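No value in this document is a laboratory result; all are computed from the given coordinates. Predicted model, so just to flag it, every value in this text is computed and none were measured. Don't worry about glycine lacking a Cβ; one is built from the backbone with ideal geometry, like all the others, and counts go over all protein chains shown.
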Amino acid sequence: MAPSSCPYGGVIFDLEGTLVDFQWKIGEAVAKVKDQIREWGWTAPLLDLTDYAELYNEGIRHAPDTAAEERFLKVVDAIYDEYDWDALTRWDAQPGARELLSALKATGIPIALCSNVGRKAMDGILLLMGWNRAFDVTVSRDEVRFLKPNPEGLTKTIERLGLAPREVIFIGDSRTDIRTAKKVGCSVAVAAQGENTRREMEPLHPNHLLASLHPLMKILKLSKSS
């Protein structure tokens with residue numbers, strides 16, 4: 001194990017758009033969910049939402065009782081699982097992802113994954129990429145009630161690492177990832193290579209706004225020979 005000079009006690013990654021390229025068909029998935037809830041008589045503001053995570057979270061809050069919430073989650077989880085699996089057939093590693101994970105693993109720094117992707121697709125892509133032993137902790141959509149940008153998942157990930165938020169950096173690719181990190185109180189680096197562009201993320205002032213994962217080798221003080 002190589003000695004570490006990394007300024008963080010733990011590194012947490014988002015999955016799609018960050019470690020693998022962005023392939024999720026958000027518009028189609030959201031439209032399917034809206035078609036279903038429209039049949040139930042659910043109306044605005046849910047039908048005005050375009051963000052898949054916001055629709056998921058607000059659907060839970062909108063449900064008038066436990067039975068309605070369970071019905072909603074059964075439908076939305078099935079739809080999102082379908083689109084997870086569709087994306088899985090096309091996902092490929094982002095440039096620099098393999099090198100970054102390998103260098104981190106060599107230092108012994110705890111590494112985790114926190115994603116809105118479901119457990120089946122998460123485990124599937126980790127196996128396909130050979131990353132199934134790369135992470136000390138993984139938290140998927142199936143282990144939380146609310147999705148990012150709700151802080152539940154990232155908070156749970158940090159707690160499972162046994163660290164405090166100030167000791168951690170969260171690495172993502174979206175406005176959602178920045179908002180989540182800020183709510184939790186950890187540092188955040190985003191690469192404009194996935195869900196959102198640099199221009200879309202810049203107003204949220206992440207600690208590091210990057211074009212790709214490559215600069216993280218320097219930011220995290222990792223060695224290519226690690």
Response to the item:
Note on region 106-173: C-alpha Rg/Rh, Kirkwood Rh, two decimals, gives 0.95
Worksheet entry | Label-point separation in nm, residue 145 to residue 119, each point 7 Å along Cα→Cβ | 1.8
Fill in: Neighbourhood charge, 13 Å Cβ-Cβ cut-off, centred on residue 220 and excluding it, Lys, Arg +1 and Asp, Glu -1
+3
Discussion item. I need the peptides 10-21, 126-137, 150-161 ranked by packing, meaning the mean over residues of other C-beta atoms within 10 angstrom, with the highest value on top.
Written reply: 10-21, 150-161, 126-137
Practice prompt. Return the loop-located trypsin sites (Lys or Arg not before Pro) in region 162-226 (DSSP other than H, G, I, E, B) with at most 10 other Cβ atoms within 10 Å of their own Cβ; answer none if there are none.
Written response: 224
Worksheet item: Can you list the residues of region 145-181 with backbone N under 14 Å from a point 7 Å past the Cα of residue 205, pointing along Cα to Cβ?
Response: 179
Worksheet, complete the sentence: Other residues with Cβ under 14 Å from the Cβ of residue 53 give, with Lys and Arg +1 and Asp and Glu -1, a net charge of -4
Fill in: Value at 222 nm in deg cm²/dmol, rounded to 500, when DSSP H runs of n ≥ 4 in the chain each add -39,500 (n - 2.57)
-13000 deg cm²/dmol
Item to complete: Check the chain and count each lysine pair with an alpha-carbon distance under 16 angstrom, considering only pairs eight or more places apart or from different chains.
Response: 12
Worksheet entry | Relative frequency of Cα-Cα separations exceeding 15 Å in region 26-88, percent | 44
Worksheet item: Extension gain residue 167-residue 218, at 0.36 nm per residue separation less the Cα-Cα distance, in nm?
Response: 16.6 nm
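Sort largest first and round to whole Å: the equivalent ellipsoid semi-axes of the chain, each the square root of five times a Cα gyration tensor eigenvalue.
Value: 31, 17, 16 Å, ordered largest first.
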Response to the item:
Note on region 140-211: contact order normalised by length, alpha-carbon pairs under 8 Å, 6 or more apart, percent, works out to 25
